[in-house]
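The values are calculated or read from the model by the stated rules, or taken from the named source; none is laboratory data. The structure displayed is predicted, hence computed values, not measured ones. Cβ placement follows ideal geometry from the backbone for every residue including glycine, while neighbour counts extend to all protein chains displayed.
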């Protein structure tokens, strides 16, 4: 009896999700993104590709732009921008809530990565520090690499040229200006090493 009830519940759930899946698939098709049925959009994200930019997303991607689905609050939609020939690559089982990722060079996000609400990830300065370059729209950029199993807490800022090592944790409100070794917890502005992740687990 129980397996039968589970099968029925699964069919009902899939039927309820079908209109949303159609909406999501059409939205991604319009914006030139290869959609996968395992994705879940809680309200539509903002996805834009400019000037030859590319966005590639793996399976089981979740983008939460809805206040009702995160107790910390999604005060903005998930924003994924690829511009100036930028290449944004997102792996499998990645969840993003109310954050901005703007790529003009290369941003790589590995598998099993969680990014909390209110985060900003930029691989360029956006505007140069030199007035004459700002007039031309030029700005420097360097790739960002976020490796597998990383957790980024709410309202973090990750700046250009950073590599965040596998299994690391970025504490809420951190500003990451330098690379983070694997399995490390960092916190603060600028983000500093707090402790090794294994040490944190052993101290529980």
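Just a few scattered comments:
- Looking across region 50-67, the residues that are in contact (Cβ under 8 Å) with a residue 24 or more places away in the chain and more than 16 Å from the chain's Cα centre (by Cα) come down to 50, 51, 52, 53.
- When residue 35 is tested against (1) in contact with a helix residue (DSSP H, G or I) (Cβ under 6 Å, 6 or more places away or on another chain); (2) modelled with pLDDT under 90, just one condition goes unmet, and that condition is (2).
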